[in-house]
Structures are given as C-alpha cells and as structure tokens.
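J.: Take this structure first; my questions come after.
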There are 2 protein chains.
Amino acid sequence: MIIDCHGHFTTPPATHTDFRKAQLARSADPDLPEPVLAHASDDEVREAVETNQLRLLRERGGDLMIFSPQASAMEHHLPDPEVARTWARTCNDLVARVTDLFPAHFAGVAQLPQTPGGEITDAVAELRRTVSELGFVGVNVNPDPSGGHWTAPPMTDEYWFPLYEAMVELDVPAMIHVSASCTPAAHTLGAHYLNADTSVFMQLLQGDLFGRFPTLRFVIPHGGGAVPYHWGRFRGLADRLGRPPLAEHLMANVFFDTCVYHEPGVRLLLDVIGTDNVLFASEMLGAVRGVDPTTGHYFDDTKRYVDAILTEPAAAQAVFERNALRVYPRLAARLS
Amino acid sequence: MIIDCHGHFTTPPATHTDFRKAQLARSADPDLPEPVLAHASDDEVREAVETNQLRLLRERGGDLMIFSPQASAMEHHLPDPEVARTWARTCNDLVARVTDLFPAHFAGVAQLPQTPGGEITDAVAELRRTVSELGFVGVNVNPDPSGGHWTAPPMTDEYWFPLYEAMVELDVPAMIHVSASCTPAAHTLGAHYLNADTSVFMQLLQGDLFGRFPTLRFVIPHGGGAVPYHWGRFRGLADRLGRPPLAEHLMANVFFDTCVYHEPGVRLLLDVIGTDNVLFASEMLGAVRGVDPTTGHYFDDTKRYVDAILTEPAAAQAVFERNALRVYPRLAARLS
C-alpha cells in the first residue's frame, strides 16, 4: 500500500473560497451580515478531488493520501480568534466530506484555529472535535502564527503543552506546517515553509520535549527543510550545546517526509536519515506543479525518486506504508 | 593554492570585546564616558589568529582565508546608527590588523554599519573606506538587521541599490550573512543563518536584480542554506512563477560555499550545483567546532569532504582556488 502523508485540499469548491472572502470582508466591516457557507453538493466535492488529488494519486500509483486543508490559506496571522475558529471548522468540515466520500483514499488532518499570541485552548478544542467527531488521524500545527515574523514561543515552550497533552491522549501526530508569509522577505513556498521546518528541528534539538512527552510525534515536512542536507551541522551543534546525540534525543519522535523535488535530494534524505524516519509524501497539489524539463516527469511525482532509490522491498515498504501506519495509529485503525 | 572564502575573527583579543561591552553600557546609560579602545599589541593580535584560525588553516592544508569580523557579534538589531558605525569601524580595523600582519594568509571582508530600518548611506561609506583604505576584497551584507523578524525589504528592493552601485564600482562581491537572532524561535547558528541563505536565494529568484546589475556577485554561505537540497523545488518554483531557468537567471552571479559539515551534504552540493558555482570554505572557527565521532575528524574540516569527492584536479582547483579568484578579483590583484 502506498500512503502519501502530505496532501492539501488546494482545489476546494468555489463556495468554500467565497465563504472565506465574505468572512474577511466582515472582519474589515462588522456591519456586514455574518456569512453563511453555501452548501457544495457531493458531486462538487467529489469532482474537486477526482480531477486533482485523487486523479494524480491514482496515476502515480498511490492508494491513500493523508489530507488537510490548504496550508497557505490557514492565515493564522489574522488576530481575531472567532474568525480563526470559524475558518478552521469550515476547512476541517470540508476535508471531512472528502474523507467520508472516499474513505479508502483519504484520511483527514486538522487545521487549528491559531492566532498570533492567542490562547492554545481553541486549538485543543478543535483537535478534539476533528479526531472524535470527524475521524481525523493527525493535525497541522503552525509554529509561527505571525507569518514569518517569528513572535511565537519555541515549540518546546509550555505554551504548547495543553495541545501536546491532547495529542498524546488521542494518539495523533502533528505535522509542523506554517501558513502564508506576511513578509516580502520570505516567499511562502520557497522560503517560509522550509525555514519553519529547519527552525522547529533546531528548537527540538535545544530542548527536551520528548523527555516530557515520550510518545509525542512530529512530522517535519518538505524533507525536513534544510536539516538532512546539514545533518553534520546539527549533529555538531548538539555536541557543542551539550545535547544528546540526535538519534537518541529526537529520532524516536521526529519524522521527515519526501517532499523534495529532485532525485539527488531524496537520495540524500534516505541515505542520511535512514528509512525508519522518512514517510512518503508529495505535497500535491502543492508548491510545484510543473514538469521537470530534465526528466520529463512532474517535479512533485516523488514516488519516482523513491522507487529509483529504494530497490529493496522492505525499505520501500517502510517509507511507503509501514512508517505512516506507525506514526498515525488512527490511520491504521481506520484501515483495519 | 587553497583559499577558504569564509572565516570569521571569532577569537578577538579581550580589548576588543571589552570595548564592545563599554559601548553597549554607554548605549544603556548615556552618562557614561565614550569608550576608548585599548590598543592590543601586535603580539596579541598575532596570537589570537596563530593559535586559532591560522593554526587550523595550516593543519588542514589551507593557504589563505577570506576573513571578516565575527558575524553573530555584528548585532545589527541595535537601532543607534552611531553605535553601528563605530562598532563596524572597530571590527574592520581589527581585521585589517590581521591582514596586515599576515598578508599571505588573510584577506579582509567588511562588516557594515546596518540598523533595522536605517539608511544604507553609512553602509556604503564603510564599504568604500574598507576597500580603498584597508585593502578589503569583499563585504558581508545582512539581509535582516532585525535579527529574525524579517522587517527589511528583500535584497532585490531599490533600498539596497546604492550599496550595489558601490560594490559594482569597486568590483567586490558580498557574502549574504545575518547576525545574531533576536527570537528564541530561531537559533542563530542552527536556524537563522540557514534560513537567511534560503530566503535571499528565493528573493533573487523572484526578482531581476542581475538584469539591472549584471556584474554584481553574491556568495550565499552555509552551502546555500536549504537551496541545493531543494534544487528541484526552486527550479519548479521558477517555472511556476514565470521566472527564467535558474542557470541563466542567477548562476552567473550567485555562488555557494562548502560550509556543510558532512560528506553527503557536500557531495549533493557539488553534484547538483556543479563546481563552477561553489567556493571552498570552512567557516572556522564557526558554528561547529567539535570532532565528528563517526569519522574521527572535525565536522568543519570541509577540505576532507571536497578532497574525497573531487578527485579530478581541474574540478578541485576550481572549488579551492579559481572560483574565489574570479569572484574576488581584488584578492587576485592582491596576490599577484
């Protein structure tokens, strides 16, 4: 079985984006009426994924995608907690419609109602709702609601602990995933996403979060940002800062995905990190959607890279299936 | 000849750090007297490098280091332009003492007096002074004086153009190098440095800076941050954003160093980017100073990695010497 652990609903029905526009308009002008979501039909929802994510999943030989709302549209930089709550609920409910329509092909991951400097309480409540009521198997956590200005405490800070306690209780992992950048200095897809991955890994290296939460699990997407490429730097920094070796300190709890869009990068990832800590993913339809002229294949058809590198069946099965079932036990339960 | 293009004076004499302490104390309390730099003797300056950078350069088979003030100590986040001017002058004058004492082993690169939101005029003046009076061959430019909050305009913005005009006129390249992080979310050495490298490359991809300044040259350190590992992502983003292919758009003007502290990372860098755009460097004494237990050698002894990978003499010579002389023509002039 081929599980893609990182897909976003980047192609929602028009009623969904219309609702968001109306919500933002009312944020700017409170005299406007409270927006109401127009109901998209099952056919509209079905078509939105059948012509996009599900089509590509099938064409590329995948079976199931772990699916969450569009990351850049989470827009956690907006300060109003009520806007964040309503938007997260709306996005998660839409993902739940996809997972209900295609239970064999999609499993849900939640967007949280985060805001810059906001309480974590709302995030905990939405996590509980999506897991217990919608059957979601994981959650996306944004380490920088400010959108590139990095005003939130590190993810090792006790600010986050109520969320971690709920994750541990529910046995769901978090993917670390920022939203749109609010600074022209850091492009959302080409800088902010990768930088967040790198920053959070370093926060974990500095802290002792998994000493306190031994079963907490994080997936760091986009191949771990800069981390595998600079693995020697991080091993050396752990030594210099008096932290334990990375393998024992972090690698029972931290996993990287394969959203690296050329074979040399995926090869380095698998070589350096090893197949026990890497989960197959494509991020489609994500940052990069075109065809690589040097190969004639889509940049984000990452299965081709993994297939070329992992010729040993047990290693391939770990990356394509076994690690995902281990990291997302609610997915395993859902499938069995 | 082996040229290390990225070394910092991280081991200055005590008089230098004492001056900085007094300067910061006076910033906090203007009633204190203006600090005066106590003169370090030539022997003290000599010893500071002979027991550190010069010793390691010799032990590892290097010949010359392109040498700049300690990056994390630039502290461009402090808002007072006068403090920034005095501190940059003091740091650059100290580097000049090293390059005067050891002209065969060190060539200077300037720290600029930058501040968050400050005018670029002071930076231009200090660049001109260090090149024309101190014989420096390059400059470090900080794309984020705020120290991790990313409030400065992208490096493609006209804010920077007076600096680029001076660089072009003087024919000196800039290394892109941030200073200390002011947010606990981004560790200086393990996140902020790498993130800045990635962010600036993406800024250049989005813009058309080298259309306007065809001879401007940037060295992006730390192996280019996350860029070579995610080369497919950047090629794909260029395509998606309607920008020219990276090779023609950026790679006549952008170079990466080899400050990547394990062999698989350096191998990917040289494989993906090619030997024409990579300059040998170690960043010593920099982020990582220990011995890699898996190899028994120093993490930052990057010459070992390059030696193991580039067995063809012309390729090795490009990375160790030829590219540096091409990117830093004032170094070539100084040596001939």
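J.: For region B:257-277, give me each residue that is surrounded by fewer than 24 Cβ atoms within 10 Å (Cβ to Cβ), within 20 Å of B:ARG326 (Cα to Cα) and charged (D, E, K, R).
T.: B:ASP276
J.: Please work out if B:LEU94 is hydrophobic (A, V, I, L, M, F, W, C), part of a loop (DSSP other than H, G, I, E, B) and either out of contact with any His (no Cβ under 9 Å at 6 or more places or on another chain) or open to solvent by less than 50 Å² (accessible area, probe 1.4 Å) (or both). Even if it seems obvious, please write down each step before you answer.
T.: Values: hydrophobic (A, V, I, L, M, F, W, C): yes; part of a loop (DSSP other than H, G, I, E, B): no; either out of contact with any His (no Cβ under 9 Å at 6 or more places or on another chain) or open to solvent by less than 50 Å² (accessible area, probe 1.4 Å) (or both): yes.
No; evaluated as a whole, the condition is false for this residue.
J.: Test each condition in (1) more than 18 Å from B:LEU189 (Cα to Cα); (2) in contact (Cβ under 8 Å) with a residue 24 or more places away in the chain; (3) within 14 Å of chain A (Cβ to nearest Cβ); (4) of a type outside the set (Val, Ile, Thr) for B:ASP271 and report the one that comes out false.
T.: Only one criterion is unmet by B:ASP271, namely (2).
J.: Continuing with the same structure: Looking at region B:304-336, which of its residues are surrounded by 20 or more Cβ atoms within 10 Å (Cβ to Cβ) and not β-branched (Val, Ile, Thr)?
T.: B:TYR305, B:LEU310, B:ALA318, B:PHE320, B:ASN323, B:ALA324, B:TYR328, B:LEU331
J.: Filter region A:278-293 for residues that are open to solvent by 20 Å² or more (accessible area, probe 1.4 Å) and more than 7 Å from chain B (Cβ to nearest Cβ) and give the result.
T.: A:LEU285, A:VAL291, A:PRO293
J.: Now a separate question. Here's a check for you: in region A:115-144, which residue that is within 14 Å of chain B (Cβ to nearest Cβ) and open to solvent by 10 Å² or more (accessible area, probe 1.4 Å) is nearest to B:SER199 (Cα to Cα)?
T.: The selected residue is A:PRO116.
J.: Looking only at region B:162-174, decide whether some residue is under 27 Å from B:GLU47 (Cα atoms) and touching a residue at least 60 places away in the same chain (Cβ under 8 Å).
T.: Kept after step one, since they are under 27 Å from B:GLU47 (Cα atoms), are these residues of region B:162-174: none.
No, that holds for no residue.
Let's see how each residue does on (1) in contact (Cβ under 8 Å) with a residue 40 or more places away in the chain; (2) hydrophobic (A, V, I, L, M, F, W, C):
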position: A:HIS230; (1), (2): no, no
position: A:VAL291; (1), (2): no, yes
position: A:HIS297; (1), (2): no, no
position: A:LEU310; (1), (2): yes, yes
position: A:PRO329; (1), (2): yes, no
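J.: Run down A:GLY225, A:GLY211, A:GLY265, A:GLY207 and say which single residue is within 13 Å of chain B (Cβ to nearest Cβ), more than 30 Å from B:LEU241 (Cα to Cα) and small (Gly, Ala, Ser).
T.: Details: A:GLY225 fails: more than 30 Å from B:LEU241 (Cα to Cα); A:GLY211 fails: within 13 Å of chain B (Cβ to nearest Cβ); A:GLY265 fails: more than 30 Å from B:LEU241 (Cα to Cα).
From the options A:GLY225, A:GLY211, A:GLY265, A:GLY207, the qualifying one is A:GLY207.
J.: Suppose we keep only residues that are more than 8 Å from chain A (Cβ to nearest Cβ), hydrophobic (A, V, I, L, M, F, W, C) and open to solvent by 20 Å² or more (accessible area, probe 1.4 Å) within region B:228-249. Which one would you say is nearest to A:TRP231 (Cα to Cα)?
T.: The residue in question is B:ALA247.
J.: Which of the numbered conditions does B:CYS182 fail, given that it passes all the others? Conditions: (1) open to solvent by less than 30 Å² (accessible area, probe 1.4 Å); (2) within 26 Å of B:ASP122 (Cβ to Cβ).
T.: Unmet for B:CYS182, out of (1) open to solvent by less than 30 Å² (accessible area, probe 1.4 Å); (2) within 26 Å of B:ASP122 (Cβ to Cβ): (1).
J.: Also, quick follow-up: For the condition out of contact with any helix residue (DSSP H, G or I) (no Cβ under 6 Å at 6 or more places or on another chain), closer than 26 Å to B:VAL272 by Cα and of a type in the set (A, V, I, L, M, F, W, C), what is the one hit in A:ILE220, A:ILE273? Full working, then the answer.
T.: Values: A:ILE220 fails: out of contact with any helix residue (DSSP H, G or I) (no Cβ under 6 Å at 6 or more places or on another chain).
Matching residue, one of A:ILE220, A:ILE273: A:ILE273.
The values are calculated or read from the model by the stated rules, or taken from the named source; none is laboratory data. Since this is a predicted model, take the numbers as computed values, not measurements. Every residue, glycine as well, gets a Cβ built from its backbone with ideal geometry; the counts of neighbours run over all protein chains shown. Just so you know, the surface numbers come from the protein's heavy atoms only, side chains and all, with ligands and any DNA or RNA stripped out. Shrake-Rupley method; radii C 1.70, N 1.55, O 1.52, S 1.80 Å.
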